[in-house]
Amino acid sequence: MGRYSLLKTAAVATCSALAATAVTLVLTTTSPVPAQADPPPPAQMQAAGGPLPSLAPMLKGVLPTVVNIAVLSKVEIQNPLMADPFFRRFFNMPQQPQEREEQSIGSGVIVDAPRGYILTNNHVVAQAEKIKVRLNDDRQFEAKLIGTDPQTDLAVLQIKAEGLASLPLGNSSQLQVGDYVVAIGSPFNLRQTVTSGIVSGLGRTTDMEEGAYQDFIQTDASINPGNSGGALVNLRGELVGINSQILSGSGGSIGIGFAIPIDLAKAVMSQLIASGKVERGRIGIVGQNLTPELAKAFGLKDVHGALVARVAPGSPADKAGLRKDDVIVAANGRPIKDMPELRNLIGLLRVGDKVELTVLRDGAEKHLAVVVAKSVEEKTAGGGKAQSSKLKGATFGPVQDSDTPGVQVLGVEPGSPAALAGLRPGDIILSINRHDVDSMETFQKYAGTEGDLLLYIRRGDGALYLVLQ
């Protein structure tokens, strides 16, 4: 049996062709199969001579808003022998990485025609040197990158063009399992491809990367490499999701795809357009999901909610009166089923917003108002980004909710130099080149050192060294 994996769906120009293998299934039975009634002819569903059911009228207004995105990027290549420090020293040869150009294909959706804003995935444009957008009418434009948010896998582009059409935004909170949806994009660079299906599930997380904000719509509408950033629309032609990932063992669709809900995308998009970045909110708690065992231990009948394991001293939650062992069951009137849902809700609020929490404490219900503050990564020096190219793709900040010295890895972009070096979200860097790291300032100082970086890292209950060359 093949091993399934979660894949970002941006197609790469160098991808090999996929071969389709026909499989014949022979069904046998030991008992007679009852005859099945033929489906009613179309004439019984429509008046004589009337049109057949079709999505074509809805798609006429939708297709001009979905675009093809071509991304040119440069990636480092290196002779594998040069990765061995002994080999380089023996032959007295400096490490000289070279670059090559790569092109990838994705999709996008025009969401603001007058201003030319296009919504797509972060992983489509993350390493872009140049971005070109091709419209439904074959016009091409060079796009400006307005901002990206790796933690929700969203990005906003802008083009200057006349005669654009934009897709109306729907309400993903009203989606139900079983609703019909249509996916539109450029799978394998086949532009303006339309597939249909239903909403297979809601509130999905793929656990691909720690620190991500995920609340995916699952659909069986076929999504393939190149569909990333494309539109998931309802039958009214409203945008309800941005296609982002697939579950696949081969790289092609097996009927399990994931789209970012438009309600989440709108919150991120508004901040990216306003400032080019997303300012994360926090209230200063560490929490966990409420399991049946924990619910029983706390004397609760319901297993839905987020159990508060720790409240940071002086944090907004502490000031509002939240305590360890409280169970948060609702936020701003919305029921909370688990900790990831609470984290998503708070993380997408603006700094200064007030969130009304409903908590259970010793069996009694309480209502607390908490003012959202800046998250840890927004307070780090230099935006929390490492200055060294060896650490590119990672975000760093002070160790969260701990008195441990060091700097914590808050996020790592898949395929980035930091990811390839072996860094993981949650790692705590204790020293660089045997120099203790006790703050963001010392981290930035030693991370910019020329040559190899020797990192001493605490990972969970263990520790290890990593050499970044």
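Coordinate-derived values only; no laboratory data. Every value quoted in this text rests on a predicted model; they were computed, and no experiment measured them. Reconstructed Cβ throughout: ideal geometry from the backbone, glycine too, with neighbour counts over all protein chains shown.
In percent, rounded to a whole number, the relative contact order of the range 124-197 is 17, using alpha-carbon pairs under 8 Å and six or more apart. Neighbours of Q140 by Cβ distance under 9 Å: Lys/Arg scored +1, Asp/Glu scored -1, total +1. When its C-alpha radius of gyration is set against 2.2 N^0.38 Å (N residues), the range 281-374 gives a value of 0.98. The Cβ shell under 15 Å around G255 holds other residues with a net charge of 0, Lys and Arg each +1, Asp and Glu each -1.
Calculated FRET efficiency, R424 to N332, Cβ-Cβ distance, R0 = 35 Å: about 0.60 to the nearest 0.05.
Of the peptides 297-307, 272-282, the order by per-residue mean of other Cβ atoms within 10 Å, starting with the highest, comes out as 272-282, 297-307.
Only Cα sites of the range 172-275 enter the Debye sum here, all with the same form factor; the resulting log10 I(q)/I(0) across q = 0.13, 0.20, 0.21 1/Å is -0.43, -1.00, -1.09, listed in q order. Relative contact order of the range 173-241, please, whole-number percent, based on alpha carbon pairs below 8 angstrom and at least 6 residues apart. Contact order relative to length: 36 percent. Neighbours of T358, meaning other residues whose beta-carbon lies under 9 angstrom from its beta-carbon, give a summed charge of -1 when Lys and Arg score +1 and Asp and Glu score -1. Among the listed pairs K130/K277; K160/K277; K60/K132; K296/K337; K144/K445, which are separated by more than 27 Å between their Cα atoms? Among K130/K277; K160/K277; K60/K132; K296/K337; K144/K445, the Cα-Cα distance tops 27 Å for K144/K445. Taking amide H atoms as placed 1.01 Å from N in the peptide plane, the amide H of L239 lies under 5 Å from those of L169, G170, each 5 or more residues away in sequence or on another chain.
For the range 325-373, the spherically averaged projection of the C-alpha convex hull amounts to 3.3 nm². Sequence-ordered 3J(HN,Hα) estimates for the range 426-435 from the Karplus curve with 6.51, -1.76 and 1.60 and θ = phi - 60° stand at x, 4, 10, 8, 9, 7, 10, 6, 6, 9 Hz, glycine and proline given as x. Here the range 221-293 is treated as an ellipsoid with the same Cα gyration tensor; its semi-axes, largest first and in whole Å, are 27, 22, 13.
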